[in-house]
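These notes are about the structure you will find just below.
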Amino acid sequence: MKTRAVILAGGEGSRLGVLTAKRTKPAVPFAGKYRIIDFTLSNCVNSGLFDVMILAQYRPHSLIEHIGSGVPWDLDRNFTGGVSIHMPYKARGSSDWYLGTADAVQQNFLFIKRGPPDLVLILSGDHIYRMDYKAMIDYHLGHKSELTIAAIRVPMEEASRFGILGVDDQLRIHSFIEKPKEPPSNLVNMGVYLFDSDLLNQALWDDHMRADSSHDFGKDILPRLVAQDKRVFAYPFEGYWVDVGTVESYWKAHMDLLVTPPPIDLNDRSWIVHTRTEERPPVWIENGSTVLDSMITDGCEIAKGARVERSVLGPGVRVQPGAVVYESVILTDSIIGPGVVVEHSIIDKKVRIGEKVRIGKVCPQPAITMIGKSSRISPGMVIEQGVIIGPDVIESDFVDTTVREGAYLQTKREPFDV
């Protein structure tokens, strides 16, 4: 059976705030050296699937640069599979920006069905998990399923964020409710769909012809197929899985990596998470500094008297003398100045923080503080918890030495669109 994987990577990801101001959600850095999409791509190649299409839309530049020809994932293939990136285009017929996840697939279905594949695996490019898709394919074939949906149980208080599956004793799905306010169960849709190609083709065309559809898998396609009594089964998944679609889930997923043992093992050589890496020197940790329960990526420098605890530092981060970084995520090439204290915060790439700045706060219910890409913070500033500083903010954009809790500050200049 020939299977083609299609990764949906066009999301704007507005709930990730400043992290997606200049990049699509799947291209957001994660765990120091990776991008979020690396986990889905690596699942594909580790499962023996080397025929991968990526559907991009919102600010795809970082994603395109990161994936390139697919070399890090062994996807630079000319004749048998490989990776290709597809974006919306204008044509003589009805084509435009993607209206929803199903519309994105429908607009590209002429490319998807080339080959043709027997099965089409629809994946999200913004989830952190490890899954053997080959086992899901075997399950699909063994159940003579027309559509198989990966499912996981989540805490009941989180279930309303997801599509809820109702199943019988054989795990055949008899109901699908998209993000109900009062979910009847905690068995949720993971956004991993394995379709018989013919069924997907027909379902997409039927949906395309419906004027009342939002052209979304969760809202339209899946509930309709279940209601039509198609052979739709749930594939039970019991591993670690997180949709890093919010600031809180993104931060918590990083903190999950810092427990012992972590719920997802990045050191497992039998299931490597592949990525495009930069040439960086080894980490330099100066005598007299302290690093506890943290992930430190290549090129980082931690100076004498600095303290890094329960944090993740991306490539090239410099923590200067006397600075403290606690329960925070610091992305590529940011500089934490002398005497700075950063707590419970997310700091994007190339941020410059001046001497003795105070950012964020640890308290019983702290709000996450965020600083956008390429911003500069003047010495002595106090950035309280829950503050959001947009990208490209500079010293003259601040009107006071303290930015109060919950404030949102943007640059007064035209931001750099890179």
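Please treat every number below as a calculation from the coordinates, not as lab data. Predicted, not measured: the structure shown is a model, and the values here were computed from it. FYI the Cβ positions are ideal-geometry reconstructions off the backbone, even for glycines, and counts take in every protein chain you see.
Compared with the direct C-alpha span, the chain from Lys356 to Ile394 gains 12.0 nm at full extension, assuming 0.36 nm per residue.
For region 284-409, what number results from the quotient of the Cα radius of gyration and 2.2 N^0.38 Å? Let's see the in-between values first.
Details: Rg = 13.1 Å, N = 126, 2.2 N^0.38 = 13.8 Å.
Ratio of Cα Rg to 2.2 N^0.38 Å: 0.95.
As an exercise, use a Förster radius of 30 Å and the Cβ-Cβ distance of Glu405 and Val283 to find the FRET efficiency, rounded to the nearest 0.05. Before the final figure, lay out each step's value.
Numbers: r = 34 Å, r/R0 = 1.13.
FRET efficiency, Glu405 to Val283: 0.30.
Checking the cross-link pairs Lys2/Lys230; Lys179/Lys361; Lys33/Lys412; Lys113/Lys252 against a 27 Å limit on the alpha carbon distance flags Lys179/Lys361; Lys33/Lys412; Lys113/Lys252 as lying beyond it. Take the Kirkwood radius over Cα pairs of region 3-256, plug it into Stokes-Einstein at 37 °C and 0.692 mPa s, and you get 178 µm²/s for translational diffusion. Summing Cβ point charges (Lys, Arg +1; Asp, Glu -1) relative to the Cα centre of the chain gives a dipole of roughly 600 debye. Across region 361-387, the residues whose backbone nitrogen lies under 20 Å from the label position 7 Å along the beta-carbon direction of Thr246 are 361-371, 385-387.
Can you compute the FRET efficiency between Ser14 and Asp256 using 1/(1 + (r/R0)^6), with r the Cβ-Cβ distance and R0 = 22 Å? Round to the nearest 0.05. Don't jump to the answer; show the numbers that get you there.
Details: r = 23 Å, r/R0 = 1.06.
The pair Ser14/Asp256 has a calculated efficiency of 0.40.
Each Lys or Arg adds one and each Asp or Glu takes one away; over the other residues whose Cβ falls under 9 Å from the Cβ of Thr290, this sums to 0. Of Val154, Val342, Val324, the residue with the greatest mean-square motion in the GNM of the chain, using alpha carbon springs below 10 Å, is Val154.
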